[in-house]
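Engineer: Questions regarding the structure given below will be posed in turn.
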Amino acid sequence: PDEREENETEKGLRVADKGFLNTAVITSEITYIDGEAGETAYLLIYGSLPSKAMYDIFEGEVMHHSIAHSDAEGLFRAFRYDAHPMSILTSAIASLGSMYSEANPSLQGQTLYTKGDAVSLANMDKQIFRLIGKATTLAAMAYRVRQGRKFVTPPAGLSYTGSFLYQMDHLGEDGYMPSPVFAKALDVLFLLHADHELNASCTTVLQTASSLVDPYSAVAAGCASLYGPLHGGANEAVIRMLISIGSPENVPAFIEAVKRREKVLSGFGHRVYKTSDPRSFIVRKTADEVFKVTGKDELLETAMRLHEVAMKDEYFIKRKLAPNVDFCGLIYRAMGFPLDFFPVLFAVPRVVGWLAHWRQMMLQAGGVKIWRPRQVYVGPSRRDYVPIEDRV
Ligand code: ACO
């Protein structure tokens, strides 16, 4: 039809690629290596490991910016006690854009971040430090507000994860000091979650940032995308699924229901990994460490049976479905976090990865190009307008 001609004659190749299965939208130099959490954050953002002096500055700035704005408390108190903490976190991060106007390009002019311009790079760094620093504080506030508890100022002298655990005091004990086993486990899980290329949430951050909006709005958009059960919400969904299965002997029936597409098998499958997700092995090792302190989770046997049955089943073998990182929910549960807080424990470290991609995009040669995918139109061609009184 004539109306579709525009699709076909437009410059360049257009393919219908549902869910961006085969489309690369950006070039990237961001990689991921194992290491100290703080060093990894630095590496992701700036592309190389820091000197001792640079690392101390970075850590000091992040910790300095971890204290919440005095206006944040009023915002938090406005949330319902039963609000999902991801909704609270998403809103709280978006609200930062209203508190730090120096990050708003429309107030400052469009060329806010320029490679080689020290003032503009310092401005960019400040937003990065602030977002990484405040991520734990706002997450801890989201945790405490639902229990009607007072907020805690980030303490000096603790690590990033230690400070986070201290502020939450999720075990509700007086004079709580985070267990080194828990702080270490959280460190490992934060490392595993720091970045994972162009997943749904990172793509959302970049899509949003491509209009040159402030990074708080872009990161809040990333949080919203992460919240869904097909992505960061899967760690919560895994535990809800295991609870609903109930015990190991119910696993085969559950698997059959998954194959009939009546049930969802959370924590299995990945767009990129078509063998086991390498992060899942580290999750298993970390779980063993935590279980030594907490005792084994009662859901563990069901989880192991699920793994065993699924990995032998032709349906899963043929589709190359294996456990992904989201079985880490078992560790969070053993550590005493409430189920709906699990996606927050994913979002906090992922802020680092989002910012690394955001910074790279803002400074990429040739400037930022707004992301505007096209569609392949398959609707009706020309239709005449029918006045409302003549419509049937
Ligand atoms: N259980 C059962 N079948 C599955 C699962 C699963 N968890 N995942 C994929 N499949 C099936 C699909 O139905 C499809 O079957 P078909 O070819 O007969 O139609 C086939 O495997 C291929 O799967 P796709 O849906 O094409 O895979 P896609 O790359 O689009 O989706 C996703 C990846 C969203 C992760 C999917 O595997 C899923 O829904 N998993 C469960 C949710 C989850 O754990 N998400 C977390 C992902 S990791 C992360 O975000 C940290």
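Engineer: Would you check which residues across segment 249-283 are among the aromatic types (Phe, Trp, Tyr) and near the ligand (Cβ under 9 Å from one of its atoms) and list them?
Structural biologist: Listed by number, the residues that qualify are Phe268, Tyr273.
Engineer: May I pose another question? With the structure loaded, tell me whether Ala224 is small (Gly, Ala, Ser) and either within 16 Å of the ligand (Cβ to nearest atom) or in contact with a strand residue (DSSP E or B) (Cβ under 7 Å, 6 or more places away or on another chain) (or both) or whether it fails that test.
Structural biologist: It is true that Ala224 is small (Gly, Ala, Ser) and either within 16 Å of the ligand (Cβ to nearest atom) or in contact with a strand residue (DSSP E or B) (Cβ under 7 Å, 6 or more places away or on another chain) (or both).
Engineer: Go through (1) among the basic types (Lys, Arg); (2) part of a loop (DSSP other than H, G, I, E, B); (3) closer than 29 Å to Pro180 by Cβ one by one and return the number of the condition Lys274 breaks.
Structural biologist: For Lys274, the exception is condition (3).
Engineer: Would you point out the residue of segment 44-62, among those that are out of contact with any Gly (no Cβ under 8 Å at 6 or more places or on another chain) and either in contact (Cβ under 8 Å) with a residue 24 or more places away in the chain or assigned to a helix (DSSP H, G or I) (or both), that is nearest to Trp358 (Cα to Cα)?
Structural biologist: Here the residue is Ile45.
Engineer: Same structure, new question: Among the listed residues Gly295, Gly366, identify the single one that is modelled with pLDDT under 95, farther than 30 Å from Thr40 by Cα and either of a type outside the set (Phe, Trp, Tyr) or in contact with a Phe, Trp or Tyr (Cβ under 6 Å, 6 or more places away or on another chain) (or both). Can you show your working first?
Structural biologist: Values: Gly366 fails: farther than 30 Å from Thr40 by Cα.
On inspection, the qualifying residue turns out to be Gly295.
Engineer: If you don't mind, another one. In segment 361-372, is there at least one residue being in contact (Cβ under 8 Å) with a residue 12 or more places away in the chain, closer than 27 Å to Met86 by Cα, more than 14 Å from the ligand (Cβ to nearest atom) and in a helix (DSSP H, G or I)?
Structural biologist: yes
Engineer: Of everything in segment 70-79, what is within 23 Å of the chain's Cα centre (by Cα) and part of a loop (DSSP other than H, G, I, E, B)? Give them in sequence order.
Structural biologist: Once the filter is applied, which keeps residues that are within 23 Å of the chain's Cα centre (by Cα) and part of a loop (DSSP other than H, G, I, E, B), segment 70-79 yields only Phe79.
Engineer: Since Ala253 meets every condition but one in (1) out of contact with any His (no Cβ under 7 Å at 6 or more places or on another chain); (2) buried (at least 19 other Cβ atoms within 10 Å of the Cβ); (3) assigned to a helix (DSSP H, G or I), which condition does it not meet?
Structural biologist: In the conditions (1) out of contact with any His (no Cβ under 7 Å at 6 or more places or on another chain); (2) buried (at least 19 other Cβ atoms within 10 Å of the Cβ); (3) assigned to a helix (DSSP H, G or I), Ala253 misses (2) alone.
Engineer: Looking at (1) of a type in the set (Val, Ile, Thr); (2) within 16 Å of the ligand (Cβ to nearest atom); (3) surrounded by fewer than 20 Cβ atoms within 10 Å (Cβ to Cβ), which is the one condition that is false for Val205?
Structural biologist: (3)
Engineer: Restricting to segment 187-229, name every residue that is within 24 Å of Val264 (Cβ to Cβ), assigned to a helix (DSSP H, G or I) and not hydrophobic (A, V, I, L, M, F, W, C).
Structural biologist: Once the filter is applied, which keeps residues that are within 24 Å of Val264 (Cβ to Cβ), assigned to a helix (DSSP H, G or I) and not hydrophobic (A, V, I, L, M, F, W, C), segment 187-229 yields His193, Ser201, Thr203, Thr204, Gly222, Ser225.
Engineer: Please give the number of the condition Thr302 fails out of (1) away from the ligand (no atom under 12 Å from the Cβ); (2) in contact with a His (Cβ under 8 Å, 6 or more places away or on another chain).
Structural biologist: So Thr302 meets the others, but not (2).
Engineer: Within 11 Å of the ligand (Cβ to nearest atom) and farther than 30 Å from Tyr143 by Cα - does that describe any residue in segment 239-248?
Structural biologist: No.
Engineer: Restricting segment 305-338 to residues that are more than 14 Å from the ligand (Cβ to nearest atom), charged (D, E, K, R) and buried (at least 19 other Cβ atoms within 10 Å of the Cβ), which is farthest from His84 (Cα to Cα)?
Structural biologist: If we take residues in segment 305-338 being more than 14 Å from the ligand (Cβ to nearest atom), charged (D, E, K, R) and buried (at least 19 other Cβ atoms within 10 Å of the Cβ), then Arg305 is farthest from His84 (Cα to Cα).
The values are calculated or read from the model by the stated rules, or taken from the named source; none is laboratory data. Given the structure is predicted, the values throughout are model-derived calculations rather than measurements. Here the Cβ is made from the backbone with ideal geometry for all residues, glycine too, and neighbour counts use every protein chain on show.
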